[in-house]
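Enquirer: Below: one structure in structure tokens.
The values are calculated or read from the model by the stated rules, or taken from the named source; none is laboratory data. Here the structure is a predicted model, which is why all the values come from computation and not from measurement. So basically every Cβ, Gly included, is an ideal-geometry build from the backbone, and we count neighbours across all protein chains shown. Note: areas computed on protein heavy atoms with side chains; ligands, DNA, RNA excluded. Shrake-Rupley method; radii C 1.70, N 1.55, O 1.52, S 1.80 Å.
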Amino acid sequence: MLEIKTEKPVQVIDITHQVNDAVKESGVEEGLCLVYTLHTTTGIVINEAESGLVQDLLRRMASLAPPGDGYLHDRIDDNAHAHLQAVLLGNSQTIPIEEGCLVMGTWQRVLFLELDGPRRRNVLLKILPG
Ligand code: ZN
């Protein structure tokens, strides 16, 4: 389990290094790594961590599901936009493992997206040989 303490209402955190460390510690040489967030207002994506692109991503998510847009869920929790953004992003990724490391392209990173922070978050890692 990765424990992440987010610091902002919306935030993109590159967790590639922590995931790769967990793969190395597992001793699995060939297999799959599931990265799965246990929350309904966070996302897990694989993409580039370039700072401009990160800002573009957050801005686009805000325009696709803006806060306070008359959502029914806001009557009880005031964070419907964050749930809807999380649905669009997805809550897990499965990454191949070869030679004891994640198989990633040059610019690929595992990104955790906080959409309703700051909070303490948990991301489950399941590392399976195969
Ligand atoms: Zn809610």
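Enquirer: Which residue, of Leu53, Leu89, Leu57, Leu64, is out of contact with any Ser or Thr (no Cβ under 6 Å at 6 or more places or on another chain), more than 21 Å from Leu128 (Cα to Cα), among the hydrophobic types (A, V, I, L, M, F, W, C) and open to solvent by 70 Å² or more (accessible area, probe 1.4 Å)?
Expert: Residue meeting the stated conditions: Leu64.
Enquirer: Further, regarding this structure: Of all residues in segment 111-122 being closer than 20 Å to Leu53 by Cβ and out of contact with any Pro (no Cβ under 9 Å at 6 or more places or on another chain), which is nearest to the ligand (Cβ to nearest atom)?
Expert: Here the residue is Leu113.
Enquirer: Could I ask something else about it? Check Asp69, Asp77 and return the single one that is modelled with pLDDT of 95 or more, among the charged types (D, E, K, R) and either within 12 Å of the ligand (Cβ to nearest atom) or open to solvent by less than 80 Å² (accessible area, probe 1.4 Å) (or both).
Expert: Exactly one of Asp69, Asp77 is modelled with pLDDT of 95 or more, among the charged types (D, E, K, R) and either within 12 Å of the ligand (Cβ to nearest atom) or open to solvent by less than 80 Å² (accessible area, probe 1.4 Å) (or both), namely Asp77.
Quick grid of which residues meet (1) farther than 24 Å from Glu3 by Cα; (2) more than 16 Å from the ligand (Cβ to nearest atom); (3) under 14 Å from the mean Cα position of the chain (by Cα):
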residue: Lys24; (1), (2), (3): no, yes, no
residue: Gly27; (1), (2), (3): no, yes, no
residue: Leu88; (1), (2), (3): no, no, yes
residue: Ile97; (1), (2), (3): no, yes, no
residue: Leu102; (1), (2), (3): no, yes, no
residue: Arg109; (1), (2), (3): no, yes, yes
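Enquirer: For segment 13-41, name all the residues that are open to solvent by less than 30 Å² (accessible area, probe 1.4 Å), assigned to a strand (DSSP E or B) and not polar (S, T, N, Q).
Expert: Gly31, Cys33, Val35
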